[in-house]
Amino acid sequence: MLYFDDVKVPWDRVFIVDDIAMCQKQFHATPAHVYQNYQAMIRLSVKLRFLIGIAHRTAETNGISGFPQVKEMLGQLAAEVSMVEAFVVAMETKGTQRGAYYVPDRAMLYSAQVLTQQLYSKVINTLRELAGGGMIMLPSSVKDFANPELARLIGKTQQSPAASATEKVKFYKLAWDAVGSEFASRHSQYEMFFAGATFVTKGHAFRTYDWMKSAALLDKMLSSYDLADEVSTSTAPAASPRAVA
């Protein structure tokens with residue numbers, strides 16, 4: 001956030017002044033809000049792809065990638081990240097032309113925001129489960145490798161079935177930066193709230209969903225039969241066996 005206590009803004013750069021209603025409309029009565037959040041979902045899809053890359057490498061480093069329960073966890077992550085990528089494709093596919101500009105679909109965008117606010121922390125927790133204590137049972141500094149005695153101990157205690165001690169420490173330091181550090185904690189908070197509180201994003205999803213289309217489908221089903229006909233059919237006397245014969 002930037003706060004200017006005393007600043008000169010040339011009038012030819014001013015779009016709105018003393019009009020709160022118009023200031024609010026500049027986001028939702030125009031494609032502005034869609035554009036700024038569409039690119040955010042592209043960013044998030046790439047970020048999640050990076051994170052599940054860490055998840056897969058963690059399983060390989062720990063020698064557990066062949067365990068059925070680990071495959072299940074990785075498969076769940078793969079499906080969830082693919083869902084986010086599918087939302088981006090859906091935004092583009094269902095978009096509309098507005099003059100010279102192509103605008104991604106609002107409903108798909110806001111649906112993606114609602115679900116990814118819940119998803120990010122879930123992905124991070126899965127990474128924590130896969131890593132166990134591996135991400136914190138590490139040398140305190142890269143300088144430890146410069147000490148021959150400490151380097152020898154690191155070599156004995158940090159190796160894994162799939163990586164040397166140096167490779168494992170290098171990878172887990174990166175994983176910790178992405179999952180457990182102060183930097184990572186800020187990212188988790190950001191992904192939960194950059195689009196607004198959850199009631200805000202859910203409100204956008206409610207406002208932009210095509211409820212009429214769902215209602216039309218329901219009404220079509222209801223109009224396919226008549227209650228009076230159903231009642232008369234069910235209460236009609238059954239034919240006698242002799243009459244049937």
Quiz item: Across the stretch 180-195, which residue is farthest from T58 (Cα to Cα) among those that are of a type in the set (S, T, N, Q) and without any contact (Cβ under 8 Å) to a residue 40 or more places away in the chain?
Solution: Q189
Quiz item: Are any of the residues in the stretch 157-170 within 30 Å of A205 (Cβ to Cβ), assigned to a helix (DSSP H, G or I) and basic (K, R)?
Solution: no
Exercise. Would you confirm whether any residue within the stretch 168-179 is surrounded by 11 or more Cβ atoms within 10 Å (Cβ to Cβ), within 30 Å of I64 (Cβ to Cβ), without any contact (Cβ under 8 Å) to a residue 12 or more places away in the chain and not aromatic (F, W, Y)?
Key: yes
Quiz item: Can you spot a residue in the stretch 199-215 that is within 25 Å of L74 (Cβ to Cβ) and open to solvent by less than 70 Å² (accessible area, probe 1.4 Å)?
Solution: no
Quiz prompt | Residue list for the stretch 135-150, restricted to those being open to solvent by 20 Å² or more (accessible area, probe 1.4 Å) and part of a helix (DSSP H, G or I) | solution = V142, K143, D144, F145, A146, P148, E149, L150
Exercise. Only helices (runs of 4 or more DSSP H) wholly contained in the stretch 12-126 count here; list those with 1 or more residues that are touching a residue at least 12 places away in the same chain (Cβ under 8 Å) and open to solvent by 70 Å² or more (accessible area, probe 1.4 Å).
Key: 32-62, 68-93
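The values are calculated or read from the model by the stated rules, or taken from the named source; none is laboratory data. None of these values were measured; they are calculated from a predicted model. Cβ: placed from backbone, ideal geometry, glycine included. Neighbour counts: every protein chain shown. SASA here: full protein model, heavy atoms, side chains in, ligands and nucleic acids out. Shrake-Rupley method; radii C 1.70, N 1.55, O 1.52, S 1.80 Å.
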